[in-house]
Every structure is written in C-alpha cells, then in structure tokens.
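Heads up: the structure comes next, in structure tokens.
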Amino acid sequence: VQLQASGGGAVEAGGSLRLSCTSSGGSFYSHAMGWFRQAPGKERQLVVSISADDRTGYVDSSVKGRFTMSRGSAKNTVYLQMNSLQPEDTAVYYCNIVPPLIGAAWGKGTQVTVSS
C-alpha cells in the first residue's frame, strides 16, 4: 500500500489547512491511522491518530483542540483538519498506519509552513 499526503501549503499564523491522505495499491480501512510530522532537525512524531473502528484516538497535547482527524466515506482516505495554525506547526506531514511497520518506507509527505 502506497500512502500519499497532500494539501499542505504556506499560511499565516491563525490560518487553517486540510490535509488529505490517500492510498494506492490497497486500502487501510482496517488499520488504525495516524498523522505524523517532522520539523527541521527534529524526529518524526505522531500528532493525531484514529483507531481502526474510528471510536478512539490520540491527540498530542501540542495540537489538542486545533487538529482533528477523520476518515473519508470511501475508507481509503483520511483527513487532518488543522485550525489556528502556529509557526511551531511548521513541518512535513505524513500519514501512516499506526503503529508504522518497522523498516517499511514512508509515503510522500506534504510541507506545511506557518509564518508569524
């Protein structure tokens, strides 16, 4: 399964973006999914996740109340709605199953740049 994130861009602080993640070569509807981000000079971190049955999830404290993750009706797309963006949210954002498969390549990320 190939995962590709899209929807990033450059916004001013306080702005919003909606990221999308789609799969090719298969579906991830039976997997827990997550959005990760990697800022320059930092390790990649899990930001938000959603369980396979969509009933539970995880939200990092740094984005709580601002970021919301959801699945598309077709079950092969997940979204990340990001509101009240701050400069510290600047990073490359990736989607992946949770937990990520060890040794598996990550899909293409999408750059989010927030200016103050």
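The values are calculated or read from the model by the stated rules, or taken from the named source; none is laboratory data. In this text the structure is predicted, and so the values were computed from the model without any measurement. Neighbour counts are summed over all protein chains in view; Cβ atoms, including those assigned to glycine, are modelled from backbone coordinates with ideal geometry. Only protein heavy atoms, including side chains, enter the accessible area calculation; ligands, DNA and RNA are left aside. Shrake-Rupley method; radii C 1.70, N 1.55, O 1.52, S 1.80 Å.
Observations on the model:
- For region 97-115, a residue qualifies if it is farther than 12 Å from GLY9 by Cβ and modelled with pLDDT of 95 or more, and exactly one does: GLY109.
- Test: GLY7 is on the phi > 0 side of the Ramachandran plot and touching a residue at least 60 places away in the same chain (Cβ under 8 Å): yes
- Taking region 1-77 as the region of interest, the strands (runs of 3 or more DSSP E) fully inside it that hold 2 or more residues being open to solvent by 40 Å² or more (accessible area, probe 1.4 Å), out of contact with any helix residue (DSSP H, G or I) (no Cβ under 6 Å at 6 or more places or on another chain) and farther than 13 Å from VAL112 by Cα are 2-6, 17-24, 45-50, 57-59, 67-71.
- Among the residues of this structure, VAL11 does not count as one that is under 16 Å from PRO99 (Cα atoms), touching a Ser or Thr at 6+ places or on another chain (Cβ under 9 Å) and among the hydrophobic types (A, V, I, L, M, F, W, C).
- Of all residues in region 99-111, those that are touching a residue at least 12 places away in the same chain (Cβ under 8 Å) have Cβ atoms under 7 Å from Cβ atoms of residues that are outside any strand (DSSP E or B) and surrounded by 14 or more Cβ atoms within 10 Å (Cβ to Cβ), 6 or more apart or on another chain, in THR110/GLY7; THR110/GLY8; GLN111/GLY8.
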